1. Would you point out which residue out of ASN180, ASN155, ASN131, ASN98 is surrounded by fewer than 18 Cβ atoms within 10 Å (Cβ to Cβ) and free of Cβ contacts under 8 Å to residues at least 12 places away in the same chain?
2. Condition test on PHE223, is it within 20 Å of TYR16 (Cα to Cα) and aromatic (Phe, Trp, Tyr)?
3. Tell me which strands (runs of 3 or more DSSP E) are completely within region 204-276 and hold 3 or more residues being β-branched (Val, Ile, Thr), or say none if there are none.
4. Would you point out which residue out of ILE176, ILE132, ILE168 is more than 21 Å from ALA18 (Cβ to Cβ), β-branched (Val, Ile, Thr) and not in a helix (DSSP H, G or I)?
5. For region 96-109, state whether one or more residues are assigned to a helix (DSSP H, G or I) and either at negative phi or over 20 Å from the mean Cα position of the chain (by Cα) (or both).
6. Is it fair to say TYR148 is at pLDDT 95 or above, hydroxyl-bearing (Ser, Thr, Tyr) and in contact with a Lys or Arg (Cβ under 7 Å, 6 or more places away or on another chain)?
7. Give the residues of region 2-25 that are out of contact with any helix residue (DSSP H, G or I) (no Cβ under 8 Å at 6 or more places or on another chain) and either surrounded by fewer than 18 Cβ atoms within 10 Å (Cβ to Cβ) or free of Cβ contacts under 8 Å to residues at least 60 places away in the same chain (or both), sorted by residue number.
8. Take the conditions part of a loop (DSSP other than H, G, I, E, B) and out of contact with any helix residue (DSSP H, G or I) (no Cβ under 7 Å at 6 or more places or on another chain) and apply them to LYS84. Does it pass?
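The values are calculated or read from the model by the stated rules, or taken from the named source; none is laboratory data. Keep in mind it's a predicted model, so treat the numbers as computed, not measured. Cβ sites come from the backbone with ideal geometry, for glycine too, and all protein chains shown count toward neighbours.
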Amino acid sequence: MNDVEIIDKIKKVGFYKAEKFLDKDNLIIVEKILNKRILKKNISKGEVGTFFYRSKNKVFLLNKLLKFQILYFFDCLRIINLTKKLHLKPLADKILGNKTKLYSIDSYFSPKSDEPVLDWHFDQSYSGKSNIKKFHNPDDAALKFFVYLTPVDLNNGCLGYIPGSNKIAYHLKKGIFEGNLEYKPYWKLIDFRNIIKNPVYSSYIEKKIGIDLIKKFMEDTQFVEMPPYTTEKFYNKLDKGGAMIFDESGAHIGSKPSKHDRLVLRFVYKISTALD
């Protein structure tokens, strides 16, 4: 991978599609570990996740040993070591322009379905709740590496992302965090779009990034207001072993895995001060 190309693309539009993110040898190792972990779960209830690292749990690995989960312990170490092989932290540092720390590693299994894994939404947006007591600093948003262990496309579990939406969302969240804008629920894309339509919010954000990006975003997201309320644009097809690297602040979707089950390995990095 070309780090300069990745950094430039993410800073410009919020995401980067990395073909062959995992080479053949690492793909075999990861597949073996994830498939083993999924088989130990009851997958009949829908989505299933397996954690390999949690920064908030300082004794996460130790607990595996204390509970005699020896194989799980070594699987976690192999996945953690993969971050070093792939040089993810130095890359995350450059993309976010600051020192970062690994926040979490998990796998996520989604069974075959005619429903999206998640509809168009914004992370770090309080799940659309109305009464928020404490607002997050948008500078603490995460950089995510979604590594696919199954091929994905438009109607098969791929990630869709609205280019540049991360910049608009950042300044909206920053305005709310600093008390310059009133908070309104915006987890869903339609709600976020309605907020940006409001002259108070649009003029505030326009002063930060200009009008062109806002106009482009409004054009790109018209589909949420017109039947069939969907689009075939903005989706990223990838083969097994490919990855999406993206700023979680932007509008994104996990399309419906209508052809087969979807399996993802996720690495999440945050600026170090956000985890202190």
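1. Details: ASN180 fails: free of Cβ contacts under 8 Å to residues at least 12 places away in the same chain; ASN155 fails: free of Cβ contacts under 8 Å to residues at least 12 places away in the same chain; ASN98 fails: free of Cβ contacts under 8 Å to residues at least 12 places away in the same chain.
Within the list ASN180, ASN155, ASN131, ASN98, the selection yields ASN131.
2. No, not satisfied.
3. Working: elements: 243-247, 252-254, 262-271.
Ranges flagged: 262-271.
4. On the way: ILE176 fails: not in a helix (DSSP H, G or I); ILE168 fails: not in a helix (DSSP H, G or I).
Among ILE176, ILE132, ILE168, only ILE132 is more than 21 Å from ALA18 (Cβ to Cβ), β-branched (Val, Ile, Thr) and not in a helix (DSSP H, G or I).
5. Pass one, region 96-109, residues assigned to a helix (DSSP H, G or I): 96.
Pick out the ones that are also either at negative phi or over 20 Å from the mean Cα position of the chain (by Cα) (or both) and you get 96.
Checked region 96-109: at least one residue is assigned to a helix (DSSP H, G or I) and either at negative phi or over 20 Å from the mean Cα position of the chain (by Cα) (or both).
6. Details: at pLDDT 95 or above: yes; hydroxyl-bearing (Ser, Thr, Tyr): yes; in contact with a Lys or Arg (Cβ under 7 Å, 6 or more places away or on another chain): yes.
Here the answer is yes, as TYR148 does meet what is asked.
7. ASN2, VAL4, GLU5, ASP8, LYS9, LYS12, GLU19, LYS20, ASP23, LYS24, ASP25
8. Working: part of a loop (DSSP other than H, G, I, E, B): no; out of contact with any helix residue (DSSP H, G or I) (no Cβ under 7 Å at 6 or more places or on another chain): yes.
When the stated conditions are applied, LYS84 does not pass them.
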